[in-house]
Amino acid sequence: MKVRTLLIVLLSCIWISSYAKETKRPAPTIADVPYAEYGRTKIDLWQAEGKGARPIMVFIHGGGWSGGGKDKISASEIEKCLTHGISVASVGYRLLGTAILPTPVHDAARAIQFIRSKSKEWNIDKNRVMLTGSSAGGCTSVWLACHDDLANPNSKDPVERESTRVQGIFVRGAQTAIDPKLIEPWIGKNVFHSMTYKSVGAQTIEDALKNYSKFEPLYKEFSGYYHLTKDDPPIYMNYRSDISLPSKNIGHGIHHGMFGIKLKEKSDQVGHGKVFLEIGGKDETGAPLKWKDPVLEVLIGKSS
């Protein structure tokens, strides 16, 4: 019996070791590059090989703007991009608790500008930049895709003179708005994750709603939905299959597919027409997807 138990443990260790090797992230070409003066405002870069300036995929981590880190990027995403000659960057940013909006979103915007400012040194094509991320990282990505350019051509800081506009985004479970008065009718009360009130400096959702007029400017400014116009880049969005309403719990609500459905409706209304949804492996109508790999499609014109 002891021999059998030891054998099982040994085989388990071998399997775990093999799995770890398969999923271990490759070491960054350059790690912890500061793009601002704060502790978390750093970038990891994986440089792709290839002729000419390389396109780049930029990962913005999730965690409700309250947790997570740039180390949450998956090994498979990095390896896929590098295999196709696409460089990869993973961005850290300041979290709620030490700051409120606009801090986490504007940090990510500056990271994009900083990456562009390094285009020659890092061999990056400024005109082929794509964002990806989940949850709050997706929310930030949607905002950057829809918002007007934050570049300041007259700034003394060369980083600030760079564009924040990107060529596309691919996000998972992303919030397309954080305005409680907009999203509650979409999804129900279980949409009120802490990011919907802590991000503006409120202590509870009751506090946020009671003092809504105080927080409304931040809610309107940092909900990508309000900024979408027809000249914005393609937006690819992935959600889980359960889009039943009202939402069952906070986790279901804050990542609900209705966020994507509502953005697609607006996209069609304003003549944008470039929001592509995946809900449980199919499009929003239940039909097979017409797209395969958004990162490859946008950055190198290749579907797989």
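Got a sec? Which helices (runs of 4 or more DSSP H) wholly within the stretch 89-186 have at least 1 residues that are acidic (Asp, Glu) and out of contact with any Lys or Arg (no Cβ under 6 Å at 6 or more places or on another chain)?
Qualifying helices (runs of 4 or more DSSP H): 119-122.
Any residue in the stretch 78-101 that's surrounded by 24 or more Cβ atoms within 10 Å (Cβ to Cβ) and among the aromatic types (Phe, Trp, Tyr): show its pairings with residues that are at pLDDT 95 or above and not in a loop (DSSP other than H, G, I, E, B) at Cβ separation under 6 Å, as long as the two are six or more apart or on different chains.
Cβ pairs passing all conditions: TYR93/PRO104; TYR93/ASP107; TYR93/ALA108.
Which of the residues belonging to the stretch 188-217 are within 23 Å of ILE169 (Cβ to Cβ) and not in a loop (DSSP other than H, G, I, E, B)?
If the condition is that a residue be within 23 Å of ILE169 (Cβ to Cβ) and not in a loop (DSSP other than H, G, I, E, B), then VAL191, MET195, THR196 are the ones that fit.
Identify the residue in the stretch 241-277 that is basic (Lys, Arg) and in a loop (DSSP other than H, G, I, E, B) and, among all such residues, is farthest from THR196 (Cα to Cα).
LYS274
May I ask you to say which residue of HIS256, HIS227 is modelled with pLDDT of 95 or more and touching a Cys at 6+ places or on another chain (Cβ under 6 Å)?
Result: HIS227 is the single residue among HIS256, HIS227 that is modelled with pLDDT of 95 or more and touching a Cys at 6+ places or on another chain (Cβ under 6 Å).
Quick one: what pairs do we get from the stretch 38-62, first residue among the hydroxyl-bearing types (Ser, Thr, Tyr), second modelled with pLDDT of 95 or more and assigned to a strand (DSSP E or B), C-beta under 8 Å, 6+ apart or different chains?
That search, which allows pairs on different chains as well, returns THR41/PRO34.
For the stretch 126-142, does any single residue satisfy the condition of being under 23 Å from ALA48 (Cβ atoms) and among the charged types (D, E, K, R)?
Within the stretch 126-142, one or more residues are under 23 Å from ALA48 (Cβ atoms) and among the charged types (D, E, K, R).
Answer with yes or no whether ASP71 is loosely packed, with under 13 Cβ neighbours inside 10 Å, at pLDDT 95 or above, under 30 Å from ASP157 (Cα atoms) and not polar (S, T, N, Q).
For ASP71, the condition - loosely packed, with under 13 Cβ neighbours inside 10 Å, at pLDDT 95 or above, under 30 Å from ASP157 (Cα atoms) and not polar (S, T, N, Q) - is met.
Just checking, how many residues over the stretch 261-285 are under 18 Å from ILE169 (Cα atoms) and of a type in the set (S, T, N, Q)?
Looking only at that region, the number is 1.
Residue by residue through the stretch 167-205, note down the ones that are polar (S, T, N, Q), within 22 Å of THR98 (Cα to Cα) and surrounded by fewer than 20 Cβ atoms within 10 Å (Cβ to Cβ).
Scanning the stretch 167-205 gives SER194, GLN203, THR204.
Please verify whether LYS220 is among the basic types (Lys, Arg) and assigned to a loop (DSSP other than H, G, I, E, B), treating the condition exactly as stated.
So LYS220 does not fit the description; no.
How do the pairs read when you match residues in the stretch 175-189 that are under 17 Å from GLY251 (Cβ atoms) and of a type in the set (Phe, Trp, Tyr) with residues anywhere that are modelled with pLDDT of 95 or more and in a helix (DSSP H, G or I), using Cβ under 8 Å and keeping only pairs 6 or more apart or on different chains?
Every condition considered, the pairs that remain are TRP186/MET258; TRP186/PHE259; TRP186/LYS262.
Could you tell me which residue of the stretch 151-166 is nearest to PRO234 (Cα to Cα), considering only residues that are of a type in the set (D, E, K, R) and surrounded by fewer than 15 Cβ atoms within 10 Å (Cβ to Cβ)?
ASP157
Scan (1) surrounded by fewer than 19 Cβ atoms within 10 Å (Cβ to Cβ); (2) within 20 Å of GLU284 (Cβ to Cβ); (3) touching a strand residue (DSSP E or B) at 6+ places or on another chain (Cβ under 9 Å) for the single condition TYR236 breaks and write down its number.
For TYR236, the exception is condition (1).
The values are calculated or read from the model by the stated rules, or taken from the named source; none is laboratory data. These numbers come from a predicted model, not from an experiment. With ideal geometry, Cβ positions are generated from the backbone for all residues, glycine too; neighbour counts draw on all protein chains shown.
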